[in-house]
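Working notes for the structure below.
Each value in this text was obtained by applying a stated rule to the coordinates, not by laboratory testing. Computed from a predicted structure; not experimentally measured. With ideal geometry, Cβ positions are generated from the backbone for all residues, glycine too; neighbour counts draw on all protein chains shown.
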Amino acid sequence: MRKSRLFAAALCVGLGFSFSAYGQVADYPSRPIRFIVPLSPGGLVDTFGRSVAQHLSERLGQPVVVENRPGASQALAAEALARSQPDGYTLLIGTQSGIISTTILRKTLPYDPLRDFAPISLLFESPLYLVVHPSVPAHSVAELIALARAQPGKLNFATIGNGTAPHIGAALFMKSTGVDFLHVPYKGSASAIADLLGGRVQMMFEGGVSSLPHARSGKLRALATTAARRTEAMPELPTIAEAGVPGYEVATWFGLLTNAGVPRPIIDRLNREAAGMLKLPATHAKFREAGIELLASTPEAFAQRIRAELPQWTKILRDIGIQAE
């Protein structure tokens, strides 16, 4: 009799959890969603992240509140996601730099991206553009290389932090050409671009959203793109490879993640909404000018890409001389 009562009690507890989880999924979302952007306002990640947040808000019927959490090579934003409740009410627009490079380069992290995050979908991939201040006496990649060789260690470049895509782009360029630039890291694109426009730094490998409007206006000079082929955004601009650095190519991905443990139906719902946004003509029109390639994926494909890239990029970062902090 006692065993029967214990079984009945356990069954009730189990059903209680089941009904609670079902209610959580069925009602989702029933309150505002926190949307973490790992960089300062004004750059490519922030611009695209706010577009994703607005689309999700319209589709889900709840406010999606953007929270910029720059710092520690994007580890602060990732930690905020890892410490959140696994209920689908905290999302992160993760970058290849923040998820892959930071995991490799920082000796200790309070989270494990393979254990603590649930990938939802890849969103897009972006090349970078090599832009210089107009005072730099170089109008081509070849002229920049010649200038750097004549003045070793004198030219500097801005990035948004150690191990980020702009840093990788510059480090690979230096490794491939044998030149030496001085690294000047910033917390975000907006402050880096502001100093580049002011002539306080001389060059940058940066996404098109932040750099191309200034290149088109003449405030900066674009020399080349890091893409494998010329972009629609600026088709007259050569790739770095065709400008004299064979085999050079850099592009970086961005994706949507949540906390591990979020119920699968919620992840599937968010995946469908992200894929729907990437199919919209308005989305294509908005980001085509920056040379962005939109990339929808399944949660499984995104997770597999993260697992595969961690060992791959460990070797790449070591080979181009980017060191752990």
On Cα atoms only, tilt of 299-319 relative to the major axis of the chain in degrees: 40
Dipole magnitude of region 129-225 about its Cα centre (Cβ charges: Lys, Arg +1; Asp, Glu -1), debye to nearest 20: 80
Farthest positive-ward along the chain dipole, Cα basis, beta-carbon charges - from L56, I240, P41: L56
Selected from Q304, I193, A165, residue furthest toward positive end of dipole (the chain; charges at beta carbon): Q304
Aspartates and glutamates whose Cα lies under 13 Å from that of K154, excluding same-chain neighbours fewer than 8 positions away: D180
Candidate aspartates and glutamates - alpha carbon under 14 Å from K175, same-chain residues fewer than 8 apart omitted: E249, D319
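For the chain, give the magnitude of the charge dipole about the Cα centre (Cβ charges: +1 Lys/Arg, -1 Asp/Glu; no others), in debye to the nearest 20.
Details: 32 positive and 25 negative charges, 157 e Å.
So the dipole magnitude of the chain works out to roughly 760 debye.
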About the Cα centre, charge dipole magnitude for region 80-152 (Lys/Arg +1, Asp/Glu -1 at Cβ), debye: 260
Nearest-ten-degree value, helix 44-60 long axis tilted from longest Cα axis of the chain: 30
Helix-derived mean residue ellipticity, 222 nm - over the chain, DSSP H n ≥ 4, -39500 (n - 2.57), to 500: -14000 deg cm²/dmol
Whichever lysines have a C-alpha closer than 21 Å to that of K107, once near sequence neighbours (fewer than 8 apart) are set aside: K187, K315
Neighbour-limited loop hits for trypsin sites (Lys or Arg not before Pro), region 80-182 (at most 11 other Cβ within 10 Å; DSSP other than H, G, I, E, B): K107
Acute angle (nearest 10 degrees) that the helix 264-279 long axis makes with the longest principal axis of the chain, alpha-carbon atoms: 40
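When only Cα pairs under 8 Å and 6 or more residues apart are kept, what is the percent relative contact order across the chain? Before the final figure, lay out the partial values.
Numbers: 629 pairs, mean separation 83.1, N = 325.
Dividing the mean separation by the residue count of the chain yields 26 percent.
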For region 251-296 versus region 61-88, the gap between their alpha-carbon centres in whole angstrom: 17
Alpha-carbon centroid distance for the pair region 134-174 / region 184-198, whole angstrom: 15
